[in-house]
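Everything below concerns the one structure shown next.
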Amino acid sequence: MSKILVAYFSAEGTTKAAAEKLAQAAGADLYAIRPEVPYSRADLDWTNKKSRSSVEMKDPGCRPALSGEPAQMDRYDTILLGFPIWWYTAPRIISSFLEQNHVSGKRIILFATSGGSGFGKTADDLRASVPAGTVIEEGKMLNSGLSEENLKKWLDSIL
């Protein structure tokens, strides 16, 4: 069995709660992706075109700085990578994480939370941030049905 890491970014705690349940169900290690400058409520105001999140998401090359120690990727074969959906894709900090950690050759399975949108082209968008040979797969929206039994069924189907 491969060693699994659940890595996640959570701006308001929703994705964090899903990641914690997923890590427990998978018997996986947990790693929080943290921005160097935490997001404030005003930063997350998607209705304000000048808010930090709006500005970041308009710039495909934006890479918000990360805080903390890098994940020790050499310990893992599979990464369950979670985040909230912003503007129908992953927040730019996810590209920062992928580009600054050694994910080459890893299997990366996405999970996300959202107020209503799906993955869209998220997996395709993120493939530009990983080296050749790294597999990124669209996983599951974890907005509801987060019982340990449901999570284990999903994990059994993908691992």
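Read-outs: derived from the displayed coordinates by stated rules, not from any lab. Remember, it's a predicted structure, so these values are computed and weren't measured experimentally. Counting neighbours? That spans all protein chains shown, and the Cβs are built from the backbone with ideal geometry, glycine included.
General observations
- Full extension of the chain between Asp74 and Leu146 yields a length gain of 23.0 nm, computed as 0.36 nm times the residue separation minus the alpha carbon distance.
- Annotation: amide H-H contacts under 5 Å for Tyr31 (H modelled 1.01 Å from N, sequence separation of 5 or more, or interchain): Val6, Ala7, Tyr8.
- The stretch between Arg34 and Val135 holds 34.0 nm of extra length on full extension. This uses 0.36 nm per residue minus the Cα-Cα distance.
- GNM result for the chain, Cα springs below 10 Å: residue of Arg75, Arg63, Arg127 fluctuating most strongly: Arg75
- Shown here for the stretch 1-72: trypsin sites (Lys or Arg not before Pro) in loop regions (DSSP other than H, G, I, E, B) with at most 16 other Cβ atoms within 10 Å, namely Lys3, Arg41, Lys49, Lys50.
- Tail fraction, Cα-Cα pairs, the stretch 77-141, threshold 16 Å, whole percent: 37 percent
- For Ile109, the residues whose modelled amide H falls within less than 5 Å of its own, excluding neighbours fewer than 5 places apart on the same chain, are Ile79, Leu80, Leu81, Glu137.
- In the chain, lysine pairs closer than 23 Å at Cα, eight or more apart or cross-chain: 26
- Karplus-derived 3J(HN,Hα) values for the stretch 77-94, using 6.51 cos²θ - 1.76 cosθ + 1.60 with θ = phi - 60°, are 9, 10, 10, 8, 10, x, 5, x, 7, 10, 6, 6, 7, 7, x, 4, 5, 5 Hz; glycine and proline are entered as x.
- Of Leu30, Gly133, Trp86, farthest towards positive along the dipole that unit charges on Lys, Arg, Asp, Glu beta carbons give the chain: Trp86
- Taking the Kirkwood radius as Rh and the Cα radius of gyration as Rg, the chain has a ratio of Rg/Rh equal to 0.94.
- Derived scalar couplings ³J(HN,Hα) [the stretch 35-51; Karplus, 6.51 cos²θ - 1.76 cosθ + 1.60; whole Hz; x for Gly, Pro]: x, 4, 10, x, 7, 8, 4, 5, 4, 8, 6, 5, 7, 9, 5, 9, 5
- Working ranking of peptides 104-111, 29-36, 80-87 by packing, defined as the average number of other Cβ atoms within 10 Å per residue, highest first, is 80-87, 104-111, 29-36.
- When only Cα pairs below 8 angstrom with a gap of at least 6 residues are kept, the chain shows a relative contact order of 23 percent.
- Our estimate of slack between Trp46 and Ser117, defined as 0.36 nm per intervening residue step minus the Cα-Cα distance, is 24.2 nm.
- Protection proxy ranking of 97-103, 6-12, 119-125 - average other beta-carbon atoms within 10 Å, highest first: 6-12, 97-103, 119-125
- Based on Cα contacts under 8 Å between residues 6+ apart, the stretch 59-119 shows a relative contact order of 45 percent.
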